[in-house]
Amino acid sequence: MHILRLLVASVALASAFAAQALPIVNRYRSPRNAERPLRKQTTLIVLHTTEAPAKGSLRHLSERGECHYCVDADGTVYRIVDRRRVAYHAGTSMWDGKTEVDNFSIGIECVGYHDKAMPLAQLKSIRELVKELQKIYKIKDDHVVTHGQVAYGEPNKWQKKKHRGRKRCGMLFAMPSVRRVLDLKERAKKDPDVRAKRLVVGDTYLEKALYGKTDTMSKIYAKVKIDSTGKNAKPKPAKPSASFAIVPQTIAQLYAQGYESIGTVSKERMPYSIAGEKWNAPDTFYTIRSRVTPGNALKESRVEDGMTVWRKKKGK
Ligand SMILES: [Zn+2]
């Protein structure tokens, strides 16, 4: 019960789910990195639960290079294997007929358990990390899956056929309430390998959590407000200030940036008499024979008749 209260109390914190570059800690970067091949394609993001506390998990994951990132309960994100390389996180696995999911996926370990709620600070980091990776690899929400969704078991004493349900790892990440907190709008609707009869269902409870209505987290996360990166959370694009704008180098660029000609230099009208004290400012430009010179680079000896003087239009 106290966990529930703690989670509800941090609802306010959750509203700070704004898009920022996520800091990633390299303390547990795996010594295996150099020996791992580069991955040729990336079409899935696989979420795992460590099923163990952070300390041992991080050491273990790092030594064996078993994921790309590990997200601790306090939201700290550790880099384990460089995202371009293969990490061994999915084991015996298949998705949509393709086996060895490691070769086409990113694996994220989350400190915690497949059937227990996670703190919002942790979910926030998972959400930001997943979003960044989705952007990099153009991965849709329904291709953000759990380990249990891609793992399968070979036939054994109890299961006569190849079956889904070898693991429940990451199960909570398929539940609608948790996906809402992670701002994942779609989830895979059916198991593609069960549908194609490549596998049979070996764990009906898991099946319901992954594709049915089973959601044991719905009460816990019901009150969490999400300021989706959609409309309201989007920061207004900053207007580039004069010093950060790209310096125009052609007359077309001057026009594009809102400059207008304010006069032509002649013996009777020197730059000072056209642009006043701004004559040698970096945002006053002089053009002649298609050459563009900013005021602060204009040498008095190079001032010549016929130069056009440019300043920004008012209000631009
Ligand atoms: Zn796993």
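Every number in this text was worked out from the coordinates using simple rules, so none of it is lab data. Note that the structure is predicted; figures quoted are calculated from it, not measured. All Cβ positions, glycine included, derive from the backbone under ideal geometry; neighbour counts span all protein chains shown.
Structure notes:
- Working note: Debye formula, equal point scatterers on the alpha-carbon atoms of the chain, no solvent; log10 I(q)/I(0) at q = 0.14 Å⁻¹ is -0.98.
- Packing here is the average count of other Cβ atoms within 10 Å per residue, and on that basis the peptides 269-275, 77-83, 170-176, highest first, run 170-176, 77-83, 269-275.
- Share of Cα-Cα pairs in the range 251-312 lying beyond 13 Å, as whole percent: 55
- DSSP-assigned coil residues among GluC sites (Glu not before Pro) in the range 98-181, each with at most 16 further Cβ atoms within 10 Å: GLU100
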